[in-house]
Each structure stands twice: as structure tokens, then as C-alpha cells.
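Below you'll find the structure, written out as C-alpha cells, and then a few comments.
The values are calculated or read from the model by the stated rules, or taken from the named source; none is laboratory data. Everything numeric here is computed off the predicted structure, so don't read it as measured data. Note: ideal-geometry Cβ built from the backbone for every residue, glycine included; neighbour counts use all protein chains shown. Accessible surface is based on the protein model in full, side chains and every heavy atom, while ligands, DNA and RNA are left aside. Shrake-Rupley method; radii C 1.70, N 1.55, O 1.52, S 1.80 Å.
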Amino acid sequence: MDIPHIVNNAYGVQSSKCMHLIEQGARVGRIDAFVQSLDKNFMVPVGGAIIAGFDQPFIQEISRMYPGRASASPSLDVLITLLTLAASGYRKLLRERKEMYGHLAQELRRLAEAHGEKLLNTPHNPISLGHISGQPPGPIATEQSRSWAPCCSPDKCREPGSCHWGTSRCVSGHTFKGFMSHSEAYPCPYLNAASAVGITRDDVTLCVKRLDKCLKSLRKEACVEESSTVPPAGENGSAAE
Ligand SMILES: *Cc1c(COP(=O)(O)O)cnc(C)c1O
């Protein structure tokens, strides 16, 4: 029906599986362009992306929309990084990333179980892991969305906000429920972790340690609130870690 197909290839460059799927999609179906974030795939600061495709004139047409307006620094950052790493260095990091994915999954599973929560089983996803709360939104979730993101207003179409959980957003008159989440109405809060190029064993250790600390202190806060008849302290802006 001549409907264009754009692929959001976020972390995909570093995954041979994602790149294979894109090639296959273009061969047996239709892919007009695929977009990948620079920071996720090339260890540079957030702010740039690569738009690629299978039809050079079409991609050139897209790039003609940019000259003079976009900053050159993302391109410069990628160039310097790739020259520093060389192909062999980048390939080495890709191998390490793949190894660390298994380690991250194992550590997150251990952490989830220790907190009575669950790591989702997603063997088809080679990069990201989802860790969910076994509980439906309880005091922790609602309190978080209120105190961390006062912009949240579930099921209301409103101006751009920045909350990930329970918000809707209007884009050109269309309402997107649960904008920036992976589903329209996920039944409980969740957290994503990605094993991206450049990740080290120490990164995993530190991340899991900090997450453990956060989960412990959230649980403690929730217990205090539940067992207390007086209003919780911190209505005047207790700090969220
Ligand atoms: C990171 C990410 C985005 C946003 O990409 P930006 O480069 O920050 O614009 C969109 N979708 C998915 C699945 C992502 O992981």
C-alpha cells in the first residue's frame, strides 16, 4: 500500500542480530530508513543520530534538510572516537558488550529475586533487560510519580512532559497513552537496563549496588508511610535519591 517504513534502531548498530534483521527486512519487505543514536552506539555524548537506508538518493534528500542548522560537534565526536578505537578496537568493545549482557542479566536477576521482584525473560532482545515490580502500582509507584514528576496526569492529553510512567502525550492531534513506555498501559512500574558498547564489569557492579540501595530505601519509606497515621514527613520536598 506504499506505506513508508522507518526503523527505530536505537542501540542496534552494536548488535549483529539487529543489523541482520534490518537487512532481511529490506530484502524481503520494505525499509525506507533506519535511525540509530550516536551516544548508544559510539560512546559519544547524547545529541546525534545516524540516518541510514538502502536508497542513496533518498538518504541524500534527507541530509539536504540539515545543512547549516545542525551542529558539527556530534560528527566530530564520532570521527575522533572511531579514529581512536580503529575497527579492531570497536570490534573488541562489541565482544565485551555481548559478554557483559550475560553478566548484567545474571546480576539483575539476583537483585530482583532478593527484592521479591522479577527480571523479564526476553531472550529475543540482545541489549535491554526489563526488571519489573511484582506488585501493581502501590504507594511507592504513585508517590514516585507524584513527587518525581508532578507533570504526570494519567489519561489526559497534555503538553510535553517528561514522566515515563502513566503519562499521555499529544502529537499532531494524536494521543499516545503511556508515552515513552513500552506499552500503552503497563500494569506496574518497571525499570530498563541496557548493556551498551563500552560497558565494563565494574559498571555492572556499581549499577547493581546503587540500585539495591535505592530499592532498599524506597521499601523503607513505603513501610514508614503504611504504618504511620500522621502524614508522611517530606511533603515540603523530601529529596528523592
Ligand atoms: C534511546 C531510544 C530512543 C530515543 O533515541 P534518541 O537518540 O535519544 O533520540 C527511542 N527509542 C528507543 C527504543 C530507544 O532506546
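Filter segment 186-197 for residues that are open to solvent by 60 Å² or more (accessible area, probe 1.4 Å) and either under 15 Å from residue 122 (Cα atoms) or aliphatic (A, V, I, L, M) (or both) and give the result. Reasoning before the result, please.
Our first condition is that a residue be open to solvent by 60 Å² or more (accessible area, probe 1.4 Å); within segment 186-197, this holds for 186-187, 190-192.
Scanning segment 186-197 gives 190, 191, 192.
Under 7 Å between Cβ atoms, at least 6 apart or on separate chains: pull out the pairs that start in segment 1-27 with a residue that is small (Gly, Ala, Ser) and end on any residue that is surrounded by fewer than 19 Cβ atoms within 10 Å (Cβ to Cβ) and outside any helix (DSSP H, G or I). Going by the 7 Å Cβ cut-off, the qualifying pairs are 15/126; 26/54.
For segment 15-97, give me every one of the helices (runs of 4 or more DSSP H) that falls completely inside it and has 3 or more residues that are surrounded by 14 or more Cβ atoms within 10 Å (Cβ to Cβ) and within 16 Å of the ligand (Cβ to nearest atom). Explain how you work it out, then say what you get.
Numbers: elements: 16-28, 38-42, 56-63.
Qualifying helices (runs of 4 or more DSSP H): 16-28, 38-42.
Considering segment 176-194, the residues that are part of a loop (DSSP other than H, G, I, E, B) and touching a Lys or Arg at 6+ places or on another chain (Cβ under 6 Å) include one that is farthest from residue 82 (Cα to Cα), namely 184.
Yes/no per residue for (1) open to solvent by less than 40 Å² (accessible area, probe 1.4 Å); (2) without any contact (Cβ under 8 Å) to a residue 12 or more places away in the chain:
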{"position": "177", "(1), (2)": "no, no"}
{"position": "181", "(1), (2)": "yes, no"}
{"position": "184", "(1), (2)": "no, yes"}
{"position": "207", "(1), (2)": "no, no"}
{"position": "221", "(1), (2)": "no, no"}
